[in-house]
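All remarks here apply to the structure that follows.
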Amino acid sequence: MISTRARNGLQIPKIVWLSSYPKSGNTWFRSFLSALFYGEVDINNLLSDGHFSSLTFYTRINDIDCRMLTHQEMQLMIPESLRLYCKHISSMQFMKTHDAYQLNDKGEPIFDTEASHKVLHFVRNPLDVVASFANHLNQSLDKAIDLMNHPQGSLVPMVKNGHHFTHQMTQLMLDWSSHIASWLNQSELEVHLMRYEDSKVDTFKAFKTALEFLELSFSDEQIQAAIDLVAFEKLQRQEQERGFVERQDIDGTFFRKGKVGGWKEELSEKQVERIIDMHGDVMERFNYKPE
């Protein structure tokens, strides 16, 4: 039987998807959940039941070495794997993903509807995502924009000789706009949108609303105490002192600035134009397009 940590009264044995394009607030909210349930935060042991792309997760469920499967074979296996996982858990689970919502070759949602509770989808101004994403990838701003604008943008290299050669599957994100559309336009799963900027302006309101959407009940005092524990400066300090296992570039930083509007000091006019030309319509929808 698959083991799982006991949850504080969360008697819904399904998965909550914490979905986002990278560098959009996903890790901040997972830190908040950790503070809420554990009463403390260790950034290297955040409340999460794995990453959707983890081959180790599927290997444990299916008792086979999933590195030997092609990406297409893995996608065919995922829905049943998630259903099997949920048969052996007794409480709500939280799982992070940067993948776009998609169907496998059988036309099945890879984020299986039966195994899923709800979705929190985190969105951040793509102009602010650029510099943070570039830092995370240890690449130039222009390279980060190339990836954000690529219709088949993905994280983790594709398979080698038909098989996986890392501990993660390829994470197909699509371009920034298409990634958001894939989650918000599907009708199988109930989605709550969390704008990073709203969370910065009124963290208590944003996080409490998210908990209510997930049907979780906590007192205002518990929520505020957890928010206090995940102040950006505290997360930064932990990374400086202990490192962060999710940081891709070992010489860089994950918790970089967390500012709203920092792009004005970091992007050139041409770089801003490249993002707006590609994503202007979606940016306008979320009030991200500069005047």
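The values are calculated or read from the model by the stated rules, or taken from the named source; none is laboratory data. All values reported here derive from a predicted model rather than from experimental measurement. Heads up, the Cβs are rebuilt from the backbone with ideal geometry, glycines too, and the neighbour counts pull from every protein chain shown. Just so you know, the surface numbers come from the protein's heavy atoms only, side chains and all, with ligands and any DNA or RNA stripped out. Shrake-Rupley method; radii C 1.70, N 1.55, O 1.52, S 1.80 Å.
Of all accessible surface on the stretch 59-181 at a 1.4 Å probe, what whole percent is carbon and sulfur?
Answer for the stretch 59-181 is 51 percent, counting heavy atoms of protein chains only.
For the stretch 21-126, what is the accessible area per residue in Å² when the probe is 1.4 Å? Working shown, then result.
Details: 3520 Å² over 106 residues.
Solvent-accessible surface per residue comes out at 33 Å².
Counting only other residues whose beta carbon sits under 11 Å from that of LYS270, what net charge do I get with K and R as +1, D and E as -1?
-3
Which of the aspartates and glutamates could be linked to LYS14 by a straight reach, that is with a Cα gap under 20 Å, when you skip same-chain ones fewer than 8 residues away?
Cα-Cα hits under 20 Å: ASP49, GLU80, ASP99, GLU108, ASP112, GLU114, GLU188, GLU190, GLU212, GLU215.
Using a/c under 1.5 as the rounded threshold, could you call the stretch 189-235 rounded, prolate or oblate? The axes a ≥ b ≥ c are square roots of the C-alpha gyration tensor eigenvalues, and prolate needs a/b larger than b/c, oblate otherwise.
The shape class here is oblate.
Over 31 Å between C-alpha atoms is what I'm after, so list which of LYS118/LYS264; LYS96/LYS259; LYS205/LYS270; LYS106/LYS259 land there.
Checking Cα-Cα distances, LYS118/LYS264; LYS205/LYS270; LYS106/LYS259 exceed 31 Å.
Let me know the shape class of the stretch 35-147, please: from the alpha-carbon gyration tensor, a ≥ b ≥ c as square roots of the eigenvalues, rounded when a/c is under 1.5, otherwise prolate if a/b is greater than b/c, or oblate.
Working: a/c = 1.86, a/b = 1.29, b/c = 1.44.
It comes out oblate by the Cα gyration axes.
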